[in-house]
Structure formats: C-alpha cells, structure tokens
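Notes follow once the structure below has been shown.
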Amino acid sequence: VSRHPLRVGLVGVGLMGGDHAERLAQRTAGVTLVAVADPDVGRATALADRLDAVVHDDPLSLIASPDVDAVVIASPGFVHEEQVAACLQHRKPTLCEKPLTMDDDSSLRLVEAEARLGRRLVTVGFMRRFDPEYVAVKEALVSGVYGRLLLLHHVHRNRAVPNAEFHSEMIVRDSLVHEVDASRFLFGQEVVEVTVLAPAPTSHAGPGVLDPQVAILRMAGGGLVTTEVFVNSRVGYEVRFEAVAECGSLTAGLASSGVLATRATPEGGVWGGLVPEDYRSRFARAYDLEVQAWADAARAGHAVGPSAWDGYAATAVSTAGMESLRSGGNAVAVTLPERPRLYPEDH
Ligand SMILES: NC(=O)c1ccc[n+]([C@@H]2O[C@H](COP(=O)([O-])OP(=O)(O)OC[C@H]3O[C@@H](n4cnc5c(N)ncnc54)[C@H](O)[C@@H]3O)[C@@H](O)[C@H]2O)c1
C-alpha cells in the first residue's frame, strides 16, 4: 500500500457527487480530495473552496492531471463512456456511478478496453454490494446453510422523482438496474430473461408514465426474481428484499430498526419509525464502505467491487427490460458475449 494519501479527483458535483465529496473529504481514510470538475462552474467552485480542492473546467483535464491519482465519476450516465475511457487511457483507478453507460455497445467497449489493458481499474457504483445487510445475506447463502437460492423478491420505492422528464424507461434504467445488479450478486449468476409489466399507474406519476412497474428476471440457473419499482410512492425511500432458499428465507432492509417515534396528529396519536428520505441516508453506510474499499484497493494497486463486466451485464439487462416494457410485457432474452478472463466467474 502506498504511504501517500490517494489524490482523488471528482467529476460531477450534483446530488450524488456532492454527497461523495463530503465522504471523500471527511470520512475516507488515506484519501485527499484534490480536484473537482463540473460544467456548473459556480457549483464546483463553491464546493472546492469549502473542501480545499482545485476546479477544472474540463473533466478530461482533471482525469489527465498528474496531480490526480484516481477518479470518482458522478456525472450523468451519457458522459460516462468518454470519462471512463479517459481514466483507462491514463491508467487511473475509477469509481464510476451507475449506470456504467447508457447502452450495451458503449459498456462493452469499456469492458474490451479494460480487458486489453489486462488490469482492472473500473469499479461501478452498485453500492448495495457493500451494504452490511446485503453482504450478510450473500454470506449466509454462500455458507450453504439455507440450501440453494430459489427466489428473490425486491421492493424499491422512492417518494417522488427529481424531475418531470423521469419517464417510464428511466424507471428500468436508473432504478431497476440496482436490483439487476443485486440479483446477479446474490445468485452469483447472469440474468437470461427479463419481463417488465405495469399495472394501471398511480395518479401521482407524470402524464403517460408507467409507475409502478413489476420486473421478473429469470436467472441462468433457473431461479426467479420479482421486483416492484415504484418511484412516486409519496412515502419515502424504501428498499428491502426477501431471499427464498430451499431450507429457509432471509429478509433484509425491513424498517424494523432505528428510532421509534410517537406523534400527535389531528386524528390522534400515531406511533412508528421514520422512512428514509432518499438513498443518501438509506445507504449512507454502504456508500462509505464502498468508497473506502475502492480507495484502499486503489492505493494497493488492485480493484474491488462490481466490475466493468458487472456494469455491462446490468446495462444489457436494462436494455432488454426497456424493450419488454415497450412491448407491453413480452419476455425478452438477454444474451451476453463470452466473459473476458479478467473478470472471474464468481462476482
Ligand atoms: N448509486 C446510487 O445510488 C445513485 C444515486 C443517485 C444517482 N446516481 C448516479 O450518479 C450520477 C449523477 O446523478 P445525480 O443524481 O447526482 O445527478 P445530478 O443531475 O444531481 O448531478 C449531475 C452533475 O453532473 C454535472 N455534469 C453534467 N455534465 C457533466 C460532464 N460532462 N462532466 C462532469 N459533470 C457533468 C452536472 O452539472 C451536475 O452537477 C448518475 O450516473 C446517477 O445514475 C447513483
């Protein structure tokens, strides 16, 4: 492990990038946040001044900078290909927020570029693989005590979506993609078929938006996954799942811990816990563990967590899921090319 702190540059300082900036500057050991880049220069400058980093107008100049050892990418998905490719070109470890890219071809190009280098440099920000409950379920399944995994049932709800342009297909590409990765992780298998169905939508969705949706994934070993994704639930951020195996089941993410509150309402007193506002509080611990593990690995010269292959596979399933949704609920097969040797089978 290098004796020097890892000098990290951050590309994109919106909601997720702003959250990562605080984490990198204040809660990650062995790291210095040295630079930020965002076309919103005012936002970047305000953040950089507060956290004592320099601002680059151009994200590619940040990535190329000799003062930056490793890069966290939290820009919108449509610019990830160019930025991850630049990190590969400069041999810089990168933690790229999901989705790796917006379509299969561009994700596969990154996989091929990294495989040509023969060295893993890319980690994709599927932070649930670092969430202590997801990890505990994975370990319990691997232990064999529960027998073979048969089914997963996921629930993924947001209080509301950030903007009116959040259309039906984005629910698949931006939200469901987390369950796609979590299912590949928990089963240790690829998804071979996806079906996305939609009931009559909630009146709280935008015009023409199909919300909620139910996705059914068929895994390579014959297991099934159901996922409800509901992005205008009005309540808060709720993410939980149940894994059903041959000799028992495991449930994670229940709102059973935390603060129990009582509150006066016009209808009388109510009791219960609070639902997290959004992913930043619900998965705060997972993001902290993700970024720390990524930084530790980068300093030691290797990579951890979801790989470019995992990012590509998730994108391929999302693409098929969007096709299924458009078709009104046909099952769509997912076929992946041969997996390069750089990415070991047991993700
Ligand atoms: N892992 C998670 O749970 C999670 C949660 C939310 C968002 N995300 C991902 O994080 C990324 C950012 O999402 P967000 O919600 O923060 O979006 P956002 O719109 O809040 O922020 C995006 C930022 O990127 C900047 N930007 C635009 N073009 C850029 C470019 N070419 N280079 C650098 N910066 C650029 C914008 O000015 C903005 O500041 C997306 O890939 C999203 O899917 C992941």
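The values are calculated or read from the model by the stated rules, or taken from the named source; none is laboratory data. Bear in mind the structure is a predicted one, so any value in this text is a computation, not a measurement. Virtual Cβ from ideal backbone geometry, glycine too; neighbours counted across all protein chains shown. Note: areas computed on protein heavy atoms with side chains; ligands, DNA, RNA excluded. Shrake-Rupley method; radii C 1.70, N 1.55, O 1.52, S 1.80 Å.
Equivalent ellipsoid of region 194-322: semi-axes from √(5λ) of the C-alpha gyration tensor, largest first, are 30, 25, 17 Å. Kirkwood radius, the chain, all distinct C-alpha pairs, inverse of mean reciprocal distance: 21.0 Å.
Sorted largest first, the principal axis extents computed over the alpha-carbon atoms of region 49-143 equal 48, 37, 24 Å.
Using 0.36 nm times the number of residues separating Gln26 and Leu117, minus their current alpha carbon distance, what extension gain do you get? Display every interim value, and only then the final one.
Working: separation 91, 0.36 × 91 = 32.76 nm, distance 3.27 nm.
Residue separation times 0.36 nm, minus the Cα-Cα distance, leaves 29.5 nm.
Applying 1/(1 + (r/R0)^6) with R0 = 25 Å to the Cβ-Cβ distance of Thr262 and His204 gives a FRET efficiency near 0.35. Determine the shape class of region 196-260: with a ≥ b ≥ c the square roots of the Cα gyration tensor eigenvalues, call it rounded for a/c under 1.5, and otherwise prolate if a/b is greater than b/c, oblate otherwise. Note, shape of region 196-260 comes out oblate. For the chain, the solvent-accessible area with a 1.4 angstrom probe is 45 square angstrom per residue. Charge dipole (Cα centre; +1 on Lys/Arg Cβ, -1 on Asp/Glu Cβ; no other charges) of region 73-125 amounts to roughly 380 debye. Quantify, in whole percent, the carbon and sulfur part of the accessible surface of the chain (1.4 Å probe; protein heavy atoms only). Using a 1.4 Å probe with all protein chains present, the chain comes out at 54 percent carbon and sulfur. The residue list Ala333, Val304, Ser203 was ranked by how far each Cα lies along the charge dipole of region 194-347 toward its positive end, using unit charges on Cβ atoms, and Ser203 comes out on top. Tally Lys and Arg at +1 and Asp and Glu at -1 over the other residues with C-beta under 11 Å from the C-beta of Pro59: what net charge comes out? It works out to a net charge of -4. Gyration tensor over the Cα atoms of region 150-235: the corresponding equivalent ellipsoid has semi-axes (square roots of 5 times the eigenvalues, largest first) of 25, 11, 11 Å. In loop segments of region 240-272 as defined by DSSP, the GluC sites (Glu not before Pro) with at most 11 further C-beta atoms inside 10 Å of their C-beta are Glu246, Glu267.
Could you give the dipole magnitude of the chain about its Cα centre, charging the beta-carbon of Lys and Arg +1 and that of Asp and Glu -1, in debye to the nearest 20?
680 debye
Could you give the dipole magnitude of region 192-321 about its Cα centre, charging the beta-carbon of Lys and Arg +1 and that of Asp and Glu -1, in debye to the nearest 20?
The calculated dipole for region 192-321 is roughly 180 debye.
Both radii come from the Cα set of region 106-251: Rg as radius of gyration, Rh as Kirkwood radius; their ratio Rg/Rh reads 1.00.
Kirkwood radius for region 119-194, taken over all pairs of different Cα atoms as the inverse mean of 1/r, rounds to 14.5 Å. Treating r as the C-beta distance of Ser61 and Val142 and R0 as 51 Å, the FRET efficiency rounds to 0.70.
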